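Trainee: First the structure, then my questions, so here it is.
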Amino acid sequence: MSALDEATAGDAEHPRAAHNMQSPRISVVIPTLNEASNLPHVLTRLPDIVDEVVLVDGHSIDDTIAVAQMIRPDIRIVLQVETGKGNALACGFAAATGDIIVMIDADGSNDPAEIPRFVDALLAGNDFAKGSRFTDGGHSHDITPLRSGGNRVLGFAVNVLFRTHYTDLCYGYNAFWRHCLPDMNVTCTGFEVETLINVRVARAGLSVAEVPSVEHKRLHGESNLHAVRDGFRVLRAILGERLSRRHIPVDPDAWHPMFHEPQAPPSGWVLRIASDD
């Protein structure tokens, strides 16, 4: 019996069984803020298995949107009403139509060629495929000693408090079946979003598989991450989840944030794009 058959056998009542597991539609959600210089690298490396790309823009002042539309005319552009990476991802999740949703950063640090690994982990029967830089086969060319130490301490706290076995807590490369969205219930706004998602999928009893991933250095521009400030946000999120009772809204779409999806640009739109070099 194949891994796909094993994943679905005797599981007709599981939400996963409602999906077309032989050929699921795959959506990639990319939050952006002034990433025009990095998008040529990211968008041109997406594998052919991707059916839909949702770019969520957080009020960029550069040519992020125009570059994205030039490279990939079929891209869906979603504009945040609020701000922050957590809100951007929630907007993208709400807009995505795929059976499988992949979340990936726009700065070139995540290799789009790894997406099939995450999809394979889901097709093998898991609910959530969690990227890890610290499991066998994973690595980071970018993380600083301060961020690495903080990640390990916070990860240890999550493993103790929620009985998980995560090797990497604060990494933004993940994929999941869309039925996970009500359990994830992404209501935060900032960089604590990965931690919140990881904790909530664990509390919901969803099956999580870690996928080795190699993190590269940001290609262009400055990161919006502030290690100490955002580390404290992550800690507050962990403690808040530990002290709260798990609650799934009666309305499974109650977490949906407000966003705006503008019309596609006029035909014949032309833009000069900076090269990767």
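Trainee: Would you mind computing, in nm to one decimal, how far apart the modelled labels at LEU235 and ILE61 are, each placed 7 Å from Cα along Cα→Cβ?
Mentor: Distance between the two pseudo-spin positions: 3.2 nm.
Trainee: Expressed as cubic angstrom per residue, what is the convex hull volume of the alpha carbon set of segment 19-66?
Mentor: On the way: hull volume 3.4 nm³, N = 48.
Dividing the Cα hull volume of segment 19-66 by its residues yields 71 Å³.
Trainee: Which translational diffusion coefficient, to the nearest whole µm²/s, is obtained for segment 14-99 from the Stokes-Einstein equation, given a Kirkwood hydrodynamic radius over C-alpha pairs, 37 °C and 0.692 mPa s?
Mentor: Numbers: Rh = 13.6 Å.
Result for D is 242 µm²/s.
Trainee: Arranged by the count of other C-beta atoms within 10 angstrom, fewest first, what order do LEU39, LEU79, LEU239 take?
Mentor: Working: LEU39 29, LEU79 17, LEU239 12.
With the fewest neighbours first, LEU39, LEU79, LEU239 line up as LEU239, LEU79, LEU39.
Trainee: In Å³ and rounded to a whole number, note down the convex hull volume per residue for the Cα atoms of segment 24-245. Before the final figure, lay out each step's value.
Mentor: On the way: hull volume 24.8 nm³, N = 222.
Convex hull of Cα atoms, per residue: 112 Å³.
Trainee: Between ASP48 and ASP120, what is 0.36 nm times their sequence separation minus the Cα-Cα distance? Round to one decimal in nm. Don't jump to the answer; show the numbers that get you there.
Mentor: Values: separation 72, 0.36 × 72 = 25.92 nm, distance 1.46 nm.
Result: 24.5 nm gained on full extension.
Trainee: Fewest first, what order do ASP51, ASP251 take by the number of other Cβ atoms within 10 Å?
Mentor: Details: ASP51 16, ASP251 9.
The most exposed by this proxy come first: ASP251, ASP51.
Trainee: Looking only at segment 167-189, which residues have a backbone nitrogen under 18 Å from a spot 7 Å from the Cα of ARG152 in the C-beta direction?
Mentor: Of the residues in segment 167-189, 167-171 have backbone N under 18 Å from the label point off ARG152.
Trainee: I need LYS130, LYS85 ordered by Cβ neighbour count within 10 Å, fewest first. The partial results should precede the final answer.
Mentor: Details: LYS130 28, LYS85 25.
Least crowded to most crowded, the residues run LYS85, LYS130.
Trainee: Here's another thing I want to ask about it. Mean shadow of segment 166-221, computed from the convex hull of its alpha carbons, in nm²? Write down the numbers at each step before the final one.
Mentor: On the way: hull surface 19.3 nm².
So the mean shadow area of the Cα hull is 4.8 nm².
Just so you know, all these numbers are worked out from the coordinates, no wet-lab data involved. Note that this is a predicted model, so its numbers are computed, not measured. FYI the Cβ positions are ideal-geometry reconstructions off the backbone, even for glycines, and counts take in every protein chain you see.
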